[in-house]
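Rule-based calculations on the coordinates, nothing more; no lab input. For clarity, every value in this text was computed on a predicted model and none was experimentally measured. FYI the Cβ positions are ideal-geometry reconstructions off the backbone, even for glycines, and counts take in every protein chain you see.
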Amino acid sequence: MVFSDSAGVLSGGERVLADSIHAAGGKIDLALLGYLDGGYSIPRAIRGAIIRTKVWRPSIFVPSHFHDGDYTYAIPMPEMPTAPLFEAFRDQTPETRGIEPLYRSPVCINTKTDEFFVGNYVR
């Protein structure tokens with residue numbers, strides 16, 4: 001599992017770690033990675049998420065970074081726009097499945113079976 005709460009630039013250390021995991025025959029079952037950043041640019045956020053996903057190559061990706069009414073923004077932001085992100089995944093990283101989190105709902109993931117639950121939704 002990989003967890004990174006930053007939607008910023010992928011560091012060289014992250015690339016080295018991911019490369020060493022894959023070179024040793026390891027795999028990443030689950031990646032919780034930052035998606036939106038302070039600028040709230042959807043195209044930039046998608047590019048960053050795709051770069052991170054191509055480096056880590058997880059089976060399942062869960063986007064994080066939900067800003068709703070914090071002090072960085074003048075008005076509360078809408079729900080995290082994941083549809084454009086998952087469309088890009090479908091086209092550019094089809095081996096990675098994305099899970100769309102529901103705000104304030106539990107997400108449970110079985111990494112052995114790849115079954116997951118979001119709120120009351122089972123897939």
remark   = Sorted by chain and then number, the residues having a modelled amide H within less than 5 Å of the amide H of residue 29, at least 5 places away or on another chain, are 59
key: Residues with amide H under 5 Å from that of residue 97, placed H, sequence gap 5 or more   = 60, 61
inquiry  = Loop only by DSSP, 14 or fewer other Cβ within 10 Å of the Cβ. Give me the chymotrypsin sites (Phe, Trp or Tyr not before Pro) in region 83-123 that pass, ordered by residue number.
reply    = 103
inquiry  = Over region 1-49, what portion of Cα pair distances is larger than 11 Å, expressed as a whole percent?
reply    = 71 percent
ask   = Label points 7 Å out from Cα along the Cβ direction at residue 110 and residue 97: separation in nm?
value = 1.2 nm
